[in-house]
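Visitor: Dropping a structure here in structure tokens format, bear with me for questions.
The values are calculated or read from the model by the stated rules, or taken from the named source; none is laboratory data. Please read these numbers as outputs of a predicted model, since none were measured by experiment. Virtual Cβ from ideal backbone geometry, glycine too; neighbours counted across all protein chains shown. With ligands, DNA and RNA removed, areas are computed over all heavy atoms of the protein, side chains included. Shrake-Rupley method; radii C 1.70, N 1.55, O 1.52, S 1.80 Å.
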Number of protein chains: 2
Amino acid sequence: MSVRAGIVVTGTEVLSGIVADRNGPWLSERLRERGIEVAHIVIVGDRPVDVRAALEFLRSCDLIVTSGGLGPTADDLTADVVGAFAGRPMVLDGALEERILAILRRNRARWRSYSEEAMRAGNRKQAIVPEGATILEPVGTAPGLVVPPRAGDGPTVLVLPGPPRELQPMWEDAVGTTALRAVLDRAGVLEQRMLRLYGVPESEIAQSLLAIEADGVALDRLEITTCLRRGELEIATVFDPSAAPAYDAFAAGIRERHADQLFSEDGATIDEQVAGLLDGRAIAVAESCTGGLMAARLTERAGSSAYVLGGVVVYSDEAKVAFADVPAALIEAHGAVSPEVAAALADGACARFAAEVGIGITGIAGPGGGTAEKPVGTVCLSVVDAAAGRRLDRTVQLPGDRAMVRDRTTTVALHMLRGLLG
Amino acid sequence: MSVRAGIVVTGTEVLSGIVADRNGPWLSERLRERGIEVAHIVIVGDRPVDVRAALEFLRSCDLIVTSGGLGPTADDLTADVVGAFAGRPMVLDGALEERILAILRRNRARWRSYSEEAMRAGNRKQAIVPEGATILEPVGTAPGLVVPPRAGDGPTVLVLPGPPRELQPMWEDAVGTTALRAVLDRAGVLEQRMLRLYGVPESEIAQSLLAIEADGVALDRLEITTCLRRGELEIATVFDPSAAPAYDAFAAGIRERHADQLFSEDGATIDEQVAGLLDGRAIAVAESCTGGLMAARLTERAGSSAYVLGGVVVYSDEAKVAFADVPAALIEAHGAVSPEVAAALADGACARFAAEVGIGITGIAGPGGGTAEKPVGTVCLSVVDAAAGRRLDRTVQLPGDRAMVRDRTTTVALHMLRGLLG
């Protein structure tokens, strides 16, 4: 039996575009992992009538998850609106109020001029909850709620706070409650798979899907989503365990048609693959147009200090000479954005940091600085394995604005490393 | 007269959390700038029945803007569903088909093994549009549409492609069309203001709002949204031009209560302020735990190459010594994460790059590496104005995971620079 869920993300700051929502996508992934089909994510401001309309829109779902609107300010109204939606009166939970106050007292030391009265006034409302709701203990100061339907009819509503670092652990608590399990357990668990490709346009994948279907593979049993992300193409598939043979045939078809482009079948990202291929070998970076993003991407991973020695951001020509030993004559002869300088940067990174593997990047991220010969988006990259005496060089022409060129460049470099080390 | 809009973001990859939506927030900001109130953003997968349900939910709006679902693959169905919703039959626009094909031929050189037939098959559907719609010329390969209500009743639907770099320029084209202007011109233009504060908890702002209202300021005429973002607190306000005196009184109240914390009243970000305060003076970075993010943030801005000389990412102790002249004895005596080493990094950045202003950062981003004395989130920062002989040092304890600690650290550093240079 299919279990459907809707997600309601509240907050005028999210609706108005001031802040990007991270909760909707995160919750959607968690629900799908549990075999629950997400019908809609609705983002709504802090007006009660609009929040109520969003809940009513989703009334035919089995489960509604809300995020946000549980704070101490007057525009935080989710608990009230959910109570009314579920037909449950609001009641003050005195014990909960004391627990919230205890948390606030601990936090108070961090802030100046924050009185006990201000705390009480602002936070009593957080202890007023719909009758019969299961309370989820606060991670920050806001409690969450599981609000069951009144007469076994209508959706269960899971009410979570807005800050992701409160919402995410509270989700884990929520799945342990009897009230939420009553809904979750009605869903089977679906399988999820991810294929990642690099260097293939989305329309070519569309043709491959048609061809694979024409070969008799039951694609109708697979929910396949293709998505371009950071210069890669991801094919995410969700299916009932009984459709595993169809998935295997589908994956084989993609493998056969895109052998050179398919780089990951087990969910591993290019970042993870490169970390694995390095296998502890020390790496260093000398980068210009990416301005630190390449080193930042390598060091995103916990534990990367074990193999990332560091990097130099050499924006100026002088810095390229001083920090990466690029001969000034080379810059003079070929220009700062040239394959020769990229190679010298990679070598310089290796030599200066005593690294085994080096990355050199130089390019024109824009919006200014482009020429007819080297337009904005031109990036020269070089990766070198000093110990093995191997090197790969590429000059690419990347689309998009400054931010996109910088970001895409780091993806190109990682795929070059995969080629070099693989 | 109030004009209301709804936004429908389509795409299973967005609904399922594989990719974060950027279009909903962006469109919301554009609509609000034009005095249009956004009621809901609905994110929906590629199922026609769910897309139709989202449109029906928003039928009482004056305008619906959709993004996505205009591509060549079979799961791209938005035009069809919108045509049915508006009661308009779908017709092939032969001239449009030829224009799309011409674009595809130009792009083809970029991809291997991509046949003319594959192009035609995949892309004819993009030229089938609701009768009576205004066509917006493709930015990528997908045309957009303005679909007016059939009998002057019901919403106008603006249909835009999913990739932000196609959607954003097409929005600009769309606002020039007669069909869209018919709706947009019914709205007045609202004023928008932004206050930015640093170092103040959200609940304290809630108390200030209550106090300002108690002083007789007509806050009911202002739509005020508070939002924590990257360690700062933003107060965004939208109001009818006639409410300008109320806004001025409100801003004065915030200024009075939070003089030390309010750093921006004109919408300028801390990044912009620091760039302005540098006023062309050269800056350089020596960073450890941020791993390149500090340099990357400084170089995010177009034209930053005029004053950012570069940086060193000195993850290892050896690199701290070799690239930033941190005395090994200093690391030995105080540990790599210490105010002394941060100050030496800032000095080293200045000296090595011959910069006037230097930033030094060393800390424990986690998840490992914390101790009882220096837990995860401990970061030591130092900023120095070498020419003026001034320096600011801070040690902070930042909350959150590795990514958040790294990001917040860059915000702390920028506010220190504002203090140093201001």
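Visitor: Could you list, in sequence order, the residues of the range B:288-307 that are without any contact (Cβ under 8 Å) to a residue 24 or more places away in the chain and open to solvent by 20 Å² or more (accessible area, probe 1.4 Å)?
Guide: Hits for the range B:288-307 are B:ALA302, B:GLY303, B:SER305.
Visitor: Can you tell me which residue within the range A:277-296, out of those that are facing chain B (nearest Cβ under 8 Å) and under 24 Å from the mean Cα position of the chain (by Cα), is nearest to A:THR378 (Cα to Cα)?
Guide: If we take residues in the range A:277-296 being facing chain B (nearest Cβ under 8 Å) and under 24 Å from the mean Cα position of the chain (by Cα), then A:THR290 is nearest to A:THR378 (Cα to Cα).
Visitor: If you don't mind, another one. Criterion first (within 25 Å of the chain's Cα centre (by Cα) and closer than 17 Å to B:GLY310 by Cα) does A:GLY363 satisfy it?
Guide: Here the answer is no, as A:GLY363 does not meet what is asked.
Visitor: Just to be sure I understand, how many residues within the range B:1-45 are at the interface with chain A (Cβ under 7 Å from one of its Cβ atoms), closer than 18 Å to A:CYS227 by Cβ and among the small types (Gly, Ala, Ser)?
Guide: The initial filter retains those residues of the range B:1-45 that are at the interface with chain A (Cβ under 7 Å from one of its Cβ atoms), namely B:12-13, B:15-20, B:24-26, B:28-29, B:32, B:38-44.
Filter again for closer than 18 Å to A:CYS227 by Cβ, leaving B:12-13, B:15-20, B:24, B:43-44.
From what is left, the residues that are among the small types (Gly, Ala, Ser) are B:16-17, B:20, B:24.
Qualifying residue count for the region: 4.
Visitor: Could you grab me the full set of residues in the range B:1-14 that are more than 22 Å from B:ARG186 (Cα to Cα) and in contact with a helix residue (DSSP H, G or I) (Cβ under 6 Å, 6 or more places away or on another chain)?
Guide: B:VAL9, B:THR10
Visitor: Right, another one. Checking the condition over 16 Å from A:THR410 (Cβ atoms), open to solvent by less than 10 Å² (accessible area, probe 1.4 Å), within 14 Å of another protein chain (Cβ to nearest Cβ) and at pLDDT 95 or above, which residue from A:VAL326, A:VAL341 passes?
Guide: Values: A:VAL341 fails: within 14 Å of another protein chain (Cβ to nearest Cβ).
None of the other options fit; the residue is A:VAL326.
Visitor: While we're looking at this one, here's another question. Quick one: how many residues across the range A:185-198 are out of contact with any strand residue (DSSP E or B) (no Cβ under 6 Å at 6 or more places or on another chain) and surrounded by 16 or more Cβ atoms within 10 Å (Cβ to Cβ)?
Guide: Residues meeting the conditions: 1.
Visitor: In the range B:301-315, how many are at the interface with chain A (Cβ under 7 Å from one of its Cβ atoms), closer than 24 Å to B:MET404 by Cβ and part of a loop (DSSP other than H, G, I, E, B)?
Guide: 1
Visitor: Taking the residues in the range A:397-422 that are surrounded by fewer than 16 Cβ atoms within 10 Å (Cβ to Cβ) and in contact (Cβ under 8 Å) with a residue 12 or more places away in the chain as candidates, determine which candidate is farthest from A:LEU228 (Cα to Cα). Before you say what the answer is, go through the steps one by one.
Guide: Of the range A:397-422, the ones surrounded by fewer than 16 Cβ atoms within 10 Å (Cβ to Cβ) are A:397, A:399, A:403, A:419, A:422.
Then drop every residue that is not in contact (Cβ under 8 Å) with a residue 12 or more places away in the chain, which leaves A:397, A:399, A:419, A:422.
On the way: A:GLN397: 18, A:PRO399: 14, A:GLY419: 21, A:GLY422: 24 Å.
Taking the candidates together, the pick is A:GLY422.
Visitor: A follow-up question, please. Mind counting the residues in the range A:363-380 that are out of contact with any Pro (no Cβ under 9 Å at 6 or more places or on another chain) and surrounded by 24 or more Cβ atoms within 10 Å (Cβ to Cβ)?
Guide: The qualifying residues number 3.
Visitor: Could you please give the count of residues in the range B:165-184 that are open to solvent by less than 30 Å² (accessible area, probe 1.4 Å) and either more than 25 Å from B:PRO72 (Cα to Cα) or not aromatic (Phe, Trp, Tyr) (or both)? Reasoning before the result, please.
Guide: Our first condition is that a residue be open to solvent by less than 30 Å² (accessible area, probe 1.4 Å); within the range B:165-184, this holds for B:167, B:170-171, B:174-175, B:177, B:179-180, B:183-184.
Filter once more, keeping what is either more than 25 Å from B:PRO72 (Cα to Cα) or not aromatic (Phe, Trp, Tyr) (or both): B:167, B:170, B:174-175, B:177, B:179-180, B:183-184.
Residues meeting the conditions: 9.
Visitor: Next up: Which of (1) facing another protein chain (nearest Cβ under 10 Å); (2) touching a Phe, Trp or Tyr at 6+ places or on another chain (Cβ under 8 Å) does A:GLY348 not meet, given it meets every other one?
Guide: (1)
Visitor: Let me ask something additional. Is there a residue being touching a strand residue (DSSP E or B) at 6+ places or on another chain (Cβ under 8 Å) and surrounded by fewer than 24 Cβ atoms within 10 Å (Cβ to Cβ) anywhere in the range A:279-287?
Guide: Yes, that holds for at least one residue.
Visitor: Still on this structure: Condition (residue is open to solvent by less than 20 Å² (accessible area, probe 1.4 Å), outside any strand (DSSP E or B), without any contact (Cβ under 8 Å) to a residue 60 or more places away in the chain and not aromatic (Phe, Trp, Tyr)) applied to the range B:144-164: is it met by at least one residue?
Guide: No: zero hits.
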